[in-house]
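Participant: Handing you this structure, nothing more for now.
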Amino acid sequence: MSNLTVSNSTLALGFSLVLVALVIGYVEKLRIDKDIIIGVIRAIVQLSIVGYVLKFVIKANDNWLTLACFVIIVLNASWNAAKRGNGIPKAFQSSLLAIFVGTTITLTTLVLTGSIKFVPAQIVPVTGMIASNIMVAIGLCYRNMKQTYTDRHQQVLEKLALGADIKLASLDILRDSIKSGMQPTIDSIKTLGLVSLPGMMSGLIFAGVDPVKAIKYQIMVTFMLLASTSIGSIISCYLGYKQFFNDRKQLRDE
Amino acid sequence: MEKIFEVRNLFYQVGETKILKDINLEIEQGKYLTVVGPSGSGKSTFMRILASMISATTGEVLFHGKDIATFEPTKYRQKVSYAFQQPTLFGKTVRDNLAFPFEVRKQEFDESKVIKYLEMVNLNQTYIDKSVNDVSGGEKQRIALLRNLLFQPEVLITDEVTAGLDTENKAIVHKMLNEFNQRGLTILRVTHDETEIANATDKITIKDGVLQNV
């Protein structure tokens, strides 16, 4: 741990990097200075609170408290994913189910295979990693779905008019949307180690862990993210596409 | 002749705008009914309601004496098929399109049947594997109509399907539809084409959402 030299004073000096972003925004008249300042303040406040909460949870080492953290993370991720599905009915419920199932299956597998232990120091951060990745995947699925139902509106109508069920009429959209949710994870896997040294691995190396051991953890994280984004994308898309139709199997915006 | 459709006190509105006002109509099985009226008068909306693509705000549509709301929508649309003015072809090839009705009915693709139907609309078997980007507008409409007719429905609703087609393509479409009508297919045709209107034996007019003459 002696490698970690970030202190309050080094953080304050590091704040100069934010000024770089502010200066660029000002010079280029991007009008994002307010967003940057709010973003930075939020990041500092949120992370500080989370740091103290995590310290308490890890120290308490209580199963119920660990599960409570799991629930809070899943609910928050679902709420954020649902915002990206604005206009899709029951987006929160679909996101909640997708994130809950995706996170639970992945976490359970990791615990049962002995990859991680059921202790707050491992469960809480891993839950956060899984849920946030599913959240991003669902957001992409929803965005793709909304866009393609608009773009292929006529085609869906024609398929329905030929007597197709809503699933057959939406099959192309469904496949494209699931793929759009999974694609960033697949793309990032391809460049692992070549372009990026991801957070988990970097964190362990920073903390002085042998890089070969850190890589093993990163490979585990890769498997975990691939599984969880697949599960999350499939569940959210299969629940989401139905919301574009009414009970008479008609497109809702017709 | 048995009544295939009975429409009673049908209204359709979007927000405060009334699109269709108190439509009452009976249509006999086997008819070739032409629906005319100015653009925006509600003809297509009425046809879409009959095809169960949208639902009436109030009123009833009976199909063989039964409220269409009681039918399973996909089964109903296989009986009452709707053809669009500017159809899109799905997938990559003509095959993808003509295989679709088989897929809907979970049946194996019957190439010999498809070739027979293609010939009916003056397209030979080489068209099956043609790219959808390589067919002309007229051919596209003929292929799209075949999607509706490969499994003969009881009713075919055509919404200005000959609009924008040249004389030759129009003649092919008319011939095909007449043949199917003679085989018992009920056809409801929305059109603005003066020749089609002049040649129509059964006609109704919708103006400002109101049925003018029955």
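The values are calculated or read from the model by the stated rules, or taken from the named source; none is laboratory data. Small disclaimer: the values here were computed from a predicted structure and weren't measured. Counting neighbours? That spans all protein chains shown, and the Cβs are built from the backbone with ideal geometry, glycine included.
Participant: B:Thr162 versus (1) free of Cβ contacts under 8 Å to residues at least 40 places away in the same chain; (2) assigned to a helix (DSSP H, G or I); (3) among the β-branched types (Val, Ile, Thr): which is the lone unmet condition?
Facilitator: With respect to (1) free of Cβ contacts under 8 Å to residues at least 40 places away in the same chain; (2) assigned to a helix (DSSP H, G or I); (3) among the β-branched types (Val, Ile, Thr), B:Thr162 is out only on (2).
Participant: Here's a follow-up. Only one of these is under 23 Å from A:Thr5 (Cα atoms), free of Cβ contacts under 8 Å to residues at least 40 places away in the same chain and not β-branched (Val, Ile, Thr): A:Gly203, A:Gly208. Name it. It would help to see each step written out before you state the result.
Facilitator: On the way: A:Gly208 fails: free of Cβ contacts under 8 Å to residues at least 40 places away in the same chain.
Matching residue, one of A:Gly203, A:Gly208: A:Gly203.
Participant: While we're here: Any chance region B:166-178 includes a residue that's within 14 Å of another protein chain (Cβ to nearest Cβ), outside any loop (DSSP other than H, G, I, E, B) and in contact with a Ser or Thr (Cβ under 6 Å, 6 or more places away or on another chain)?
Facilitator: no
Participant: Still on this structure, I have one more. Does region A:135-153 contain any residue that is surrounded by 21 or more Cβ atoms within 10 Å (Cβ to Cβ), over 20 Å from A:Gln93 (Cα atoms), within 14 Å of chain B (Cβ to nearest Cβ) and charged (D, E, K, R)?
Facilitator: Taking every residue of region A:135-153 in turn, none turns out to be surrounded by 21 or more Cβ atoms within 10 Å (Cβ to Cβ), over 20 Å from A:Gln93 (Cα atoms), within 14 Å of chain B (Cβ to nearest Cβ) and charged (D, E, K, R).
Participant: Right, something else. Counting only residues that are under 13 Å from B:Val135 (Cα atoms), at pLDDT 95 or above and hydrophobic (A, V, I, L, M, F, W, C), how many does region B:90-105 have?
Facilitator: Of the residues in region B:90-105, 1 are under 13 Å from B:Val135 (Cα atoms), at pLDDT 95 or above and hydrophobic (A, V, I, L, M, F, W, C).
So that you can scan it fast, the table gives a plain yes or no per residue for (1) of a type in the set (Ser, Thr, Tyr); (2) under 25 Å from A:Lys159 (Cβ atoms); (3) within 14 Å of another protein chain (Cβ to nearest Cβ):
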residue	(1), (2), (3)
B:Val132	no, yes, yes
B:Glu139	no, yes, no
B:Ala144	no, yes, yes
B:Glu154	no, yes, yes
B:Asp193	no, no, no
B:Glu196	no, no, no
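Participant: Which of the residues that make up region B:48-66 are more than 8 Å from every other protein chain (Cβ to nearest Cβ) and charged (D, E, K, R)?
Facilitator: Those that are more than 8 Å from every other protein chain (Cβ to nearest Cβ) and charged (D, E, K, R): B:Glu60, B:Lys66.
Participant: Which of (1) without any contact (Cβ under 8 Å) to a residue 24 or more places away in the chain; (2) more than 14 Å from chain A (Cβ to nearest Cβ); (3) part of a loop (DSSP other than H, G, I, E, B) does B:Ile115 not meet, given it meets every other one?
Facilitator: Of (1) without any contact (Cβ under 8 Å) to a residue 24 or more places away in the chain; (2) more than 14 Å from chain A (Cβ to nearest Cβ); (3) part of a loop (DSSP other than H, G, I, E, B), only one is false for B:Ile115: (3).
Participant: With A:Gly25, A:Gly14 as the choices, which residue is in contact with a Lys or Arg (Cβ under 8 Å, 6 or more places away or on another chain), outside the structural domain of A:Met129 (by TED's automatic domain parsing), among the small types (Gly, Ala, Ser) and over 17 Å from A:Thr229 (Cα atoms)? If you could, list the steps in order and put the result at the bottom.
Facilitator: Working: A:Gly14 fails: in contact with a Lys or Arg (Cβ under 8 Å, 6 or more places away or on another chain).
Matching residue, one of A:Gly25, A:Gly14: A:Gly25.
Participant: Follow-up question, since we're still on this one. Report, by residue number, each residue of region B:180-214 that is under 17 Å from the mean Cα position of the chain (by Cα), surrounded by 12 or more Cβ atoms within 10 Å (Cβ to Cβ) and of a type outside the set (Val, Ile, Thr).
Facilitator: Filtering region B:180-214 for residues under 17 Å from the mean Cα position of the chain (by Cα) gives B:180-193, B:196-197, B:200, B:202-204.
Filter once more, keeping what is surrounded by 12 or more Cβ atoms within 10 Å (Cβ to Cβ): B:180-181, B:185-193, B:196-197, B:200, B:202-204.
B:Phe180, B:Asn181, B:Leu185, B:Leu188, B:Arg189, B:His192, B:Asp193, B:Glu196, B:Ala200, B:Asp202, B:Lys203, listed by residue number.
Participant: Something else now. Within region A:155-167, can one find any residue that is within 30 Å of B:Val80 (Cβ to Cβ), more than 9 Å from chain B (Cβ to nearest Cβ) and buried (at least 16 other Cβ atoms within 10 Å of the Cβ)?
Facilitator: yes
Participant: Conditions: (1) more than 8 Å from chain A (Cβ to nearest Cβ); (2) surrounded by fewer than 18 Cβ atoms within 10 Å (Cβ to Cβ). B:Ala69 meets all but one. Number of the miss?
Facilitator: (1)
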